[in-house]
Structure formats: C-alpha cells, structure tokens
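Taken together, the values in this text are just the output of simple stated rules run on the coordinates, not laboratory data. Predicted, not measured: the structure shown is a model, and the values here were computed from it. Methodologically, a virtual Cβ is constructed for each residue, glycine included, from the backbone with ideal geometry; neighbour enumeration extends over all protein chains shown.
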Amino acid sequence: MAPAPTATHSVVTLTVNGEKHTLPVDHRTTLLDVLRERLDLTGTKKGCDQGQCGACTVLVDGRRAVSCLQLAVAAEGREITTIEGVAEGDRLHPVQQAFLDLDGFQCGYCTPGQICSALAVLDEHAAGWPSAATDDVRPEAGVPPLTPEEIRERMSGNLCRCGAYVSIVRAVERAAAADRDASAADAPGGGDDIPADASKEAVA
Amino acid sequence: MTTATRGTAAPGAVGTGHTRIEGRDKVTGAARYAGEIPFGDLAHGWLVLSTVARGRVVAVETGPVLGMPGVLAVLHHGNAPRVETQYVGSLGPPDPVVGLFQHDRVPYAGWPVALVVAETSEQAREAAEALQVRYETEPHDVGFHPEHAAAYTPESVMGQPNEAVKGDLEAELAASAVVVDERYGTPEEHHNTMEPHAATARWDGGRLEVVDSNQGSRWVAEELAHLFSLDLASVRVRSEHVGGAFGCKGVRPHQVGAAMAATVLDRPVRVVLTRRQMFSVVGYRSPTTQRVRLGADPDGRLRALGHEAHGVTSKLFEFVEPSAGFGRSMYAADAHHSVTRLVPLDVPTPTWMRAPGEAPGSFALECALDELAEKCGVDPIALRERNEPAVGPVSGLPFGSRNLLACYREGARRFSWADRDPRPGTRRDGRWLVGTGMAASTFFVGAAPTTAAVTAEPDGTFTVRITAADVGTGARTALTQIAADALEVTPDRVRVRIADSDFGQAWLAGGSMGTRSWGWAVLLAARELRERLALGGAVPEEGLTARSDTSDVLAALAQKERHSYGAQFAEVAVDVTTGEVRVRRMLGIFAAGRIVNPLTARSQLVGGMTWGLSMALHEEAVRDAASGAHVGADLAGYHFAAHADVPRIEADWVEDTDDEDPVGIKGIGEIGIVGAAAAIANAVWHATGVRHRTLPIRPDRVLDAAGAPGTPGAGAAADGGPDRA
C-alpha cells in the first residue's frame with residue numbers, strides 16, 4: 001500500500017456498524033470494495049458493480065444505498081450499517097429471522113442486500129413515504145397499507161435470480177407485522193400471501 | 001456394498017420442513033462465497049475480452065500497461081502457459097473458451113484475449129481497460145435463422161439420438177381432421193447468477209488449490225487436471241457457498257486464468273468475472289425457432305406429432321439445446337418425428353441452462369396443444385388426458401411412476417379450472433383483458449455414480465463427506481435429513497461437509513440429478529455404518545467410517561421412462577392501452593417423487609416457475625448484427641423478473657415416489673420452469689384472442705398484434721422467430 005495521503009490515496013475514517021476504521025484508500029475504490037477487500041466485511045455482495053442488482057445495498061445514515069456506486073472517500077462521516085451489523089449479538093433481527101424461517105432466499109447471494117433494503121423499506125413506509133404502488137399519495141392520506149404490492153414495488157431494486165421473491169415478500173410482511181404488533185406476528189392469514197401453514201412447516 | 005432394497009417409510013426428518021443448515025450464515029452475511037475467502041499475498045486478475053467478432057490478435061501492447069502501478073503480469077496468447085484442450089471430460093470435450101490464450105484467433109466478440117494481474121483489483125481493472133489490443137478483422141455472421149445455409153443436423157445430444165422417428169408423420173398429418181402447423185421462437189437467454197464467477201488459485205506443496213464458485217467441485221477438478229496435465233490427486237477444488245449456478249458454473253476462463261497466473265507469479269491469484277463479461281464467457285441458452293405440426297382426429301386424439309427445432313452453436317464447438325425432444329415421452333401419437341438442427345455462428349458456445357431443451361421445447365409444444373384444443377373445441381386438460389400414453393410413445397419402454405393426471409386434477413381443482421369460459425378475449429377488468437391458461441411439464445429423472453463417506457465420531461455425532469454442491473437448492477439440508485433418517489438420529493447430530501473435490505467422485509448439481517445421486521450414496525453409506533455400529537464396540541478416536549459408491553446399483557437399473565411431471569396454471573391481465581402483460585397468479589402442481597424438505601422444495605419449484613414467468617415476458621439478449629456483440633450486456637439491458645413482476649405463485653405436489661431410489665427422490669431443480677412460459681402464453685391468448693408465438697411477450701409485440709387486421713379475435717397471431725419484429 002502506498003503511503004498516504006498521495007495523489008491517488010487518501011486516509012479516511014469510516015464508521016461501519018458503529019466501529020471506526022481509519023485507513024488509506026485508493027480514490028477509485030468504492031465503498032463496496034473497501035467493505036469487502038479491506039475491512040473483511042464480505043457480507044455485502046457484489047452482483048453487478050454498476051448499481052443494477054441491489055446485492056451491495058447497505059444503510060448509509062439509515063437510508064439504503066448501493067455501495068458499488070459510492071466512492072469510499074465520499075462515505076467519510078456517514079454511519080454505515082452492513083448486514084454484519086443488523087443482528088443484536090446472537091439475536092437475529094426480526095427481518096433476518098423471517099427470511100430464515102420462511103426461506104426467503106436460496107443461494108443467499110442477494111440476501112444481505114434484500115435484508116438491508118427491507119429494513120429501509122419498513123422505515124420508509126413507517127415515515128409515510130409513498131411508492132409507485134400507492135393508491136392515494138396525498139399527505140393527508142397517511143401511511144399507506146403495506147400490501148404485498150407495496151412491498152414488491154419498494155423491493156424491486158433488489159434482484160434475486162433464484163426467484164425467491166414470493167418468500168421474500170412474505171418475510172417482509174411478517175417482519176412488518178412484528179414491527180406493528182408483536183402479538184400479530186404469528187397470526188395465521190396475516191396477509192394474502194401467507195398460507196396459514198407456512199411457518200408451521202419449518203422446523204427451526 | 002449394500003444394495004437398495006426398501007423405501008424409508010419410517011417417520012423422520014425426510015418429508016419435514018427444515019430451515020437451511022447454512023441459513024443463519026446467509027442472513028447474517030457470515031457465509032463466505034468464492035471471492036470472499038482471504039488469502040495472504042493475493043493478486044488480482046482482470047480479463048480482457050475481444051472487441052471484434054472475428055479475426056485475429058495482431059498485437060497486445062503490454063509495455064505501457066506493465067509500467068502502470070501495481071501491475072504484475074499480462075498474460076496473452078504470446079506468453080501464457082500451454083494447456084491441453086484435446087480431452088474428453090466426464091461431460092464431453094471442453095468448451096474451447098477454456099483453452100485460454102492458446103492462439104491468436106478471435107472467434108467471437110467477448111473472447112478472452114488477455115489477463116492483467118495486479119496487486120489490487122483497482123489497478124488490475126484500470127490496466128485491463130488501458131490495454132491496447134490490435135486486431136485484424138474478418139467478416140462475421142451472427143444472424144440466426146432456420147433457413148441459414150450452414151444449418152445441419154447433429155448426430156446425438158449427450159449420447160442420445162438427436163432425431164426420433166416413429167411411424168409416418170406426413171401420412172398421419174394428411175389423414176388428420178385437424179392440423180396445427182405453427183412456428184415458435186425463443187430468444188437467447190442468460191443465466192445471470194447473482195454471484196459472478198470467481199476463483200482463487202494457488203500452488204500449495206505441489207498441489208493446485210482452487211477456491212471456486214461452481215456446481216461440481218470434483219468435475220471442475222477433473223477438468224483442471226486435464227487442462228494443466230496434472231494428476232487428479234494434484235488438484236483440489238472447493239466451493240462451499242455458491243451464489244447460483246443454473247448450468248453456467250462449470251470450468252470457465254476464470255479458474256483457468258487464475259491457475260495460469262498463480263503458476264506464472266507463484267502466488268495466489270483471484271479472478272472474478274464482471275457482470276458484462278458473464279454475457280460472453282460462461283455460456284447461455286441458445287435462441288430457438290421451432291416448427292410444431294400436430295395432426296388429430298376431431299376429438300383431439302393425436303395422430304401426428306412433429307417437432308423440428310433450430311438452435312445456435314458456435315463455429316468452434318457443438319452444443320445442442322435439444323428443444324425438439326420434449327414430446328417424445330409426453331404424448332401418445334401414431335407418428336412422431338422430432339429433431340433439433342443447429343446453425344453455427346460467430347458467437348459464444350451456448351451451454352446448459354435450467355431445463356435445457358425442455359424449457360424452450362415445452363413452450364412450443366404446450367402452446368401448440370392449446371391451439372389444437374381450441375381448434376377441436378376440447379378443453380386443454382381433456383385434450384392432454386386424451387393423449388396420455390401407456391408406455392413411452394417413442395421408446396415403447398414402461399414408465400416409472402407417472403402421476404401427471406393427478407397433477408391435472410389437483411391443479412384444476414385448486415385453480416377453479418372447471419369454471420373457465422373457454423372463449424378468448426371476453427373478460428375485462430377495467431383496462432385489462434384477463435385470461436387463464438395451462439400447460440404440462442416434465443423432466444427426466446436420473447442418477448449418476450457418486451461416492452460418499454459417513455463417519456461416526458466418538459462424541460456421538462456423524463460427519464458426512466460428499467462432493468455435492470449446494471447452489472441454493474438446499475442440498476446440504478436435504479442430505480442432512482437423509483443421513484439423519486438412515487442413521488436413525490436427529491438432524492442436529494449430523495454434519496454434512498460438501499463441495500471439496502478431495503471427498504471423491506460425485507455427480508454435480510445438474511440435470512435435476514444432484515440430490516437424488518448424492519442422497520442415494522449418503523443413504524447407502526449411512527446404512528452400512530449403522531449396521532456396523534449395531535455390532536457394538538466403541539467408536540475409535542479417529543471415528544468409524546463407511547463408504548459407498550452407487551456405480552453398481554445404478555448400472556443394474558433396467559431401462560425405463562423415468563420422469564417427473566407437473567401441471568402449470570397461470571392467470572394474466574393484458575393492458576389494452578400499453579400492451580403490458582401482468583401475471584396475476586400462478587399455480588404449479590407437481591409429481592416429482594418424494595419431497596425431502598417441503599420448505600426448500602417449494603422455494604425451488606416456485607423459483608423455477610418464476611424463471612418461466614421471466615422467460616415468458618422479460619428475458620431476451622439482443623445481438624447487434626453490425627458489431628456482433630450484445631446490446632446492453634448488463635442487468636438493465638437484460639431484464640429478468642424483479643419483485644414487482646412476480647405475483648402470488650404457489651407450488652405444491654401430489655403423492656409420488658420413485659420405487660428404485662431408496663429415498664424415493666426424483667429431482668425438482670428444473671421442472672418448475674418447464675411449461676410455465678406456455679401456460680402464460682396460453683393465458684395471454686385466452687385474455688386477448690391473439691396467439692403470441694415469440695418470446696418474450698413484450699408490450700410492443702402485444703400492441704403490434706392487437707393492431708393487426710382482424711384483431712382482436714381468435715386466429716390472429718404474432719408469429720415465431722428470433723427476429724425483433
């Protein structure tokens with residue numbers, strides 16, 4: 001590694017999952033490559049490296065962003081959350097648990113991006129943000145119901161080639177329900193896409 | 001050697017939903033894929049692909065690039081280590097693209113011409129982009145059409161006859177009261193696994209070690225041993241987590257380039273393909289045109305079934321997408337004729353892609369049957385039931401279990417098919433025309449020789465070692481369940497280690513044969529171990545290991561028509577103003593043997609159906625005739641189904657088993673896609689009265705067809721062909 005700073009490198013301090021990392025980075029290096037190649041945080045995936053697949057989705061200051069389109073030097077001072085920072089110790093986040101229980105993945109490569117995106121979707125929805133699937137976008141209409149159509153629309157930046165979408169939508173629905181009301185989480189028929197026996201089928 | 005003598009009927013892990021063994025690692029980001037395993041002193045390789053479609057390389061100007069920061073080497077045809085490409089591997093000769101940098105010829109756009117290796121991936125990438133390669137170009141031909149002068153008929157497909165003939169097709173057609181004679185077209189399609197191909201190679205104590213993303217580590221090890229003229233014992237390939245495969249993750253230029261560079265530099269080298277590179281070096285599904293001729297009596301009983309398909313191969317190498325074979329085992333007819341012909345072009349060689357042959361072939365034939373049903377005035381399910389064969393229609397061989405009729409019945413019941421008004425173009429929901437359609441699916445059932453070892457550990461746990469691959473199928477979990485039942489223990493006492501070529505010969509994740517082949521071997525070894533443990537005595541410190549090899553038991557199986565089956569149903573809505581087709585729901589009912597893990601099996605079947613939806617409406621790689629290269633070789637230019645495209649899709653199954661397989665497995669990797677696109681196309685006809693015979697059913701095609709004279713109304717059509725018309 002060249003000594004830093006130089007014409008081609010800068011020393012940056014990145015805050016990732018609450019931990020500060022100070023390191024020299026090549027100016028060309030994306031946030032994605034710093035996470036994967038320098039900080040050994042390989043949970044964030046590289047699917048296309050051009051902002052088209054969503055596999056590299058992380059949270060930057062709480063908002064979802066594709067880390068392949070962000071230069072590492074531009075991420076200084078931001079709070080970055082990767083998939084490694086989502087669980088609380090051994091306790092999975094409800095979104096992670098729902099993905100696991102409902103088999104919201106197959107090969108698993110898009111999964112960290114789907115989960116990070118889902119976390120942001122739940123926040124965006126709770127904040128009343130409309131989407132292209134929202135029927136009534138007037139501010140006074142309030143928070144739109146988080147229907148399967150809403151989830152599909154809001155999650156569409158995250159491709160899954162295995163075709164796990166049906167289970168992913170169910171997982172996001174279940175996590176949203178858990179968010180709203182913990183007691184509703186296990187209620188059968190919580191959404192039109194959740195067969196009553198779906199969760200019973202899985203032996204954790 | 002134990003033999004399979006009985007089914008495992010005892011209640012146990014098999015048949016019960018089980019979350020993925022590695023699931024927690026996958027939802028927390030802990031699972032490491034091939035490009036994510038750390039290596040000390042790692043160098044990064046970046047491929048450079050040809051920008052011309054035909055010609056030769058006259059100069060690779062390495063000088064300026066070698067002076068760039070961090071650049072360690074530039075490999076090309078003038079300096080690369082020699083590899084041996086004249087061999088026949090376990091699945092045939094290699095695609096010539098793995099003969100990396102062995103000559104100056106450029107056979108197609110996107111052919112690898114150099115590998116730049118540098119200390120960091122940024123340095124390698126910049127140097128690769130800066131590398132000047134000079135070419136002498138020649139005229140190229142990338143235009144696919146069935147009347148191409150170079151079209152020819154291959155002898156065989158994977159050792160099976162390419163052409164099947166029974167009876168006199170022309171005579172039966174002439175004697176038929178009702179004839180359907182139509183052409184169908186499917187485009188070039190790409191696997192586009194979410195994880196790009198990645199391999200790290202290094203030499204360790206005289207052994208070539210490769211950490212890879214593949215669907216068969218033993219297979220890739222064998223290929224690398226051939227290529228680098230090594231003993232198989234001198235190659236080790238591992239591939240623990242694989243971010244999708246679908247047929248494209250065998251030996252490819254990334255492993256060969258990494259091994260070459262590791263040899264030259266004597267340090268670990270990683271080569272990761274870019275998304276764009278994947279479009280030209282890992283294979284794809286050939287475009288097809290298919291002519292289907294059906295002749296029937298007025299009641300729909302088939303007299304003649306003709307299916308002539310054309311596909312593409314490269315001028316370098318023969319690969320057959322065997323689309324015409326779909327009907328051979330499906331429908332009784334007095335005369336059958338099916339053959340697939342090839343047009344060699346200056347394009348990359350196609351390869352296996354989820355349900356090779358069956359996916360495009362089922363689209364054509366299952367649509368043609370819907371057209372026949374319409375002409376005969378017979379319900380599409382009744383038509384298929386009427387043509388259900390008693391024995392293999394062409395082979396005359398007996399069937400293994402064939403529970404297709406049960407799929408129709410259960411599917412029709414759950415989809416409320418009986419309430420369907422067969423008339424097309426009559427249901428409106430606002431600006432949408434709504435329709436439903438169905439199609440049948442089938443996929444062959446097979447198993448290939450595989451070895452496994454099961455060890456009883458002193459602590460009371462068990463370790464299974466097998467060179468299986470879990471490419472997202474859930475194989476690791478299914479094998480854990482199978483081993484647990486055979487050992488009569490709970491799954492938490494079984495540790496399944498896979499994807500290490502050192503574990504021995506095994507079939508790969510392909511042909512829907514993975515779990516069946518591996519499960520068979522695991523079961524035999526586990527049973528033998530249980531018998532030995534039953535003799536009593538303490539487990540020694542190094543454990544007690546039983547091994548199996550299924551070669552003999554598989555060789556002893558009688559010839560039979562072994563298949564899984566399914567019935568696919570779809571409801572679509574077609575926007576009459578924009579031409580957009582939306583799938584509203586899909587239902588697939590399958591008879592696919594014993595289902596080991598309902599949770600992951602449902603995911604796999606739904607995933608296959610999602611591929612069918614994607615094939616029907618979205619996927620299409622377009623080649624520019626002038627440059628010979630793709631237009632938009634990325635995930636924006638090549639759209640496959642995203643969340644918003646995919647509605648409620650349900651998959652379920654009827655009681656079915658395979659009496660020969662000791663677990664009863666048939667295989668479920670591919671059948672989900674088979675027939676799914678046809679069910680959607682048939683639903684589009686039911687909605688609009690227009691037959692769409694060319695995939696994908698794009699909005700412009702829907703609008704063009706709707707604007708044609710005589711439409712909307714039955715009989716109009718958007719005819720088959722690979723062109724952009």
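Numbers for the structure displayed
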read-out: Pairs beyond 20 Å (Cα-Cα), from B:Lys166/B:Lys375; A:Lys45/B:Lys26; B:Lys249/B:Lys666; B:Lys249/B:Lys315; A:Lys20/A:Lys46; value: B:Lys166/B:Lys375; B:Lys249/B:Lys666; B:Lys249/B:Lys315; A:Lys20/A:Lys46
read-out: Calculated FRET efficiency for the pair A:Thr8/B:Asp299, C-beta based, R₀ 60 Å, to 0.05; value: 0.20
read-out: Rg/Rg_globular for region A:94-184, with Rg_globular taken as 2.2 N^0.38 Å and Rg from C-alpha atoms; value: 1.05
read-out: Computed helical MRE - 222 nm, the protein assembly as shown, DSSP H runs ≥ 4 contributing -39500 (n - 2.57), nearest 500; value: -7500 deg cm²/dmol
read-out: Cα-based Rg of region B:389-495 normalised by 2.2 N^0.38 Å, two decimals; value: 1.78
read-out: Separation between Cα centres of region B:430-455 and region B:464-489, rounded to whole Å; value: 21 Å
read-out: Label-point separation in nm, B:Glu488 to B:Arg32, each point 7 Å along Cα→Cβ; value: 4.0 nm
read-out: Efficiency of FRET from Cβ geometry, B:Arg428 and B:Glu655, R₀ 41 Å, rounded to 0.05; value: 0.55
read-out: Sites B:Glu147 and B:Arg585 - FRET efficiency at Förster radius 45 Å, r taken between beta-carbons, to 0.05; value: 0.70
read-out: Ratio Rg/Rh, restricted to the protein assembly as shown and using Cα atoms, in which Rh is the Kirkwood radius; value: 0.95
read-out: Distance (nanometres) between label positions extended 7 Å along Cα→Cβ at B:Glu457 and B:Arg414; value: 3.9 nm
read-out: Summed residue charge, Cβ within 10 Å of A:Asp123's Cβ, Lys/Arg positive, Asp/Glu negative; value: 0
read-out: Percent of beta bridges antiparallel (DSSP, chain B, rounded to nearest 5); value: 75 percent
read-out: Neighbour net charge for B:Arg301 - beta-carbon separation under 12 angstrom, K R +1, D E -1; value: -3
read-out: Segments B:245-257, B:585-597, B:534-546, B:150-162 sorted - mean Cβ within 10 Å per residue, highest first; value: B:245-257, B:585-597, B:150-162, B:534-546
read-out: Most to least packed among B:101-110, B:186-195, B:488-497 [average Cβ atoms within 10 Å]; value: B:186-195, B:101-110, B:488-497
read-out: Amide H within-cut-off set for B:Ile665, under 5 Å, with H built and near neighbours excluded; value: B:Arg594, B:Asp658
read-out: Environment charge at B:Lys666 (Cβ cut-off 14 Å; Lys +1, Arg +1, Asp -1, Glu -1); value: -3
